[in-house]
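The values are calculated or read from the model by the stated rules, or taken from the named source; none is laboratory data. The structure presented is a predicted model; accordingly, all values stated were derived computationally and were not measured. All Cβ positions, even for glycine, are placed from backbone atoms using ideal geometry, and neighbour counts span all protein chains on display.
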Amino acid sequence: MANPSGLSRTDVKKLVEACRTNHIRLIPQINLLGHQSWRQTNGKLLQVHPEFDETPWVKTPEKYTWPNPDKLYCRSYCPLHPKVHDVVLPLVDEICEVFEADAFHAGMDEVFYIGESQCPRCGGKDKAELFAGEVKLIRDHLEAKSRQLWIWGDRLLDGKTTGLGEWEASINDTHRAIDLIPRDIVICDWHYERADPTAVCFAMKGLQVVTCPWTNPKTALLQLQDMIRFREQSPSAMKERFLGVVQTVWSDAGSFLKDYYGHQQSEEYKNGQKSAARCFIQLFPKP
């Protein structure tokens, strides 16, 4: 199941020691449920176990474009396949053990394929219940080993009512799962262009939440100010649910560090866009 470019155990232990020395909580991630493919390429899980595919009838196009007739963004595994968790959960255990982690991030963002009508197991079932069931199954597995579950929050927001749309929220009815999942899960609430105040939605449901920016420094600073204000202006029962801000970086570490230290501007910055490194510097200025 490993990629050739994956970290070795020795590499991971170096990261563990560096984080321990610098008082950083290290939380590893494996994309679960969604994000099992990218464009024309299936991820390792579906390469090795194609029988887990939620939509095997959707053919991968020779040239990928979005949008497309099949609404293929990323594939999902079928959460009701009887053997998928026999593979997935040991992988979760292995990565948590090598990272010496007390928490695990399961991804679970941008799930466009779930409860598809042609799936012999999921067809006709409530999509919110399917999503919540997968969250609870993973959470319960982690909780048995005293580990905490983190997930992205977009599938728990109503993209139609809020106007957030299908990327930063759900338009396929998974949003109702917010009332069906355990309250001890941490939600990573990502918004990259606007400081949408949805962290309040999660906190009011009893969930802990972090706000996640990416490349836009102005938006990130507004999100930071909001998080501080939410803590200050909330009842005592809610204050501690606003955990703070987590910078996201969707590039390789080397490119980020070169940009951060000024050795080489990232492609996104040279092309006139903001960059994750410059966003991070605004959020966490050097002492």
Worksheet entry | Tally, over region 30-58, of residues that are in a helix (DSSP H, G or I), hydrophobic (A, V, I, L, M, F, W, C) and farther than 19 Å from D109 by Cβ | 1
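Yes or no, residue by residue, for (1) among the charged types (D, E, K, R); (2) free of Cβ contacts under 8 Å to residues at least 12 places away in the same chain:
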site	(1), (2)
G6	no, yes
V16	no, no
R25	yes, no
Q40	no, no
Response to the item:
The helices (runs of 4 or more DSSP H) lying entirely within region 84-201 that contain at least 3 residues which are crowded, with 18+ Cβ neighbours inside 10 Å are 84-98, 127-143
Worksheet item: Looking at I27, is it part of a loop (DSSP other than H, G, I, E, B) and within 24 Å of Q148 (Cα to Cα)?
Response: yes
Response to the item:
Quick count over region 223-248, residues being among the hydrophobic types (A, V, I, L, M, F, W, C), under 24 Å from R278 (Cβ atoms), without any contact (Cβ under 8 Å) to a residue 40 or more places away in the chain and buried (at least 18 other Cβ atoms within 10 Å of the Cβ), is 2
Practice prompt. Please go through region 207-219 and pick out each residue that is farther than 13 Å from D189 by Cβ, of a type outside the set (S, T, Y) and buried (at least 20 other Cβ atoms within 10 Å of the Cβ).
Written response: N216
Response to the item:
By residue number, the members of region 150-203 that are more than 17 Å from the chain's Cα centre (by Cα), under 22 Å from H105 (Cα atoms) and of a type in the set (A, V, I, L, M, F, W, C) are L180, V200, C201, A203
Discussion item. For W66, only one of the following conditions fails: (1) closer than 26 Å to G123 by Cβ; (2) out of contact with any Lys or Arg (no Cβ under 7 Å at 6 or more places or on another chain); (3) of a type outside the set (V, I, T); (4) at pLDDT 95 or above. What is its number?
Written reply: (4)
Worksheet item: Looking at T60, T55, which one is at pLDDT below 95, farther than 27 Å from V186 by Cβ and either surrounded by 14 or more Cβ atoms within 10 Å (Cβ to Cβ) or β-branched (V, I, T) (or both)?
Response: T60
Discussion item. Name the residue that is surrounded by the fewest Cβ atoms within 10 Å (Cβ to Cβ), counting only residues in region 3-44 that are of a type in the set (A, V, I, L, M) and under 30 Å from K71 (Cβ atoms).
Written reply: I30
Fill in: S255 vs. criteria hydroxyl-bearing (S, T, Y), out of contact with any helix residue (DSSP H, G or I) (no Cβ under 6 Å at 6 or more places or on another chain) and either closer than 18 Å to H105 by Cβ or not in a helix (DSSP H, G or I) (or both)
no
Item to complete: Looking for whichever is touching a residue at least 24 places away in the same chain (Cβ under 8 Å) and in contact with a Gly (Cβ under 6 Å, 6 or more places away or on another chain) here; the options are V111, V135. Which one fits?
Response: V111
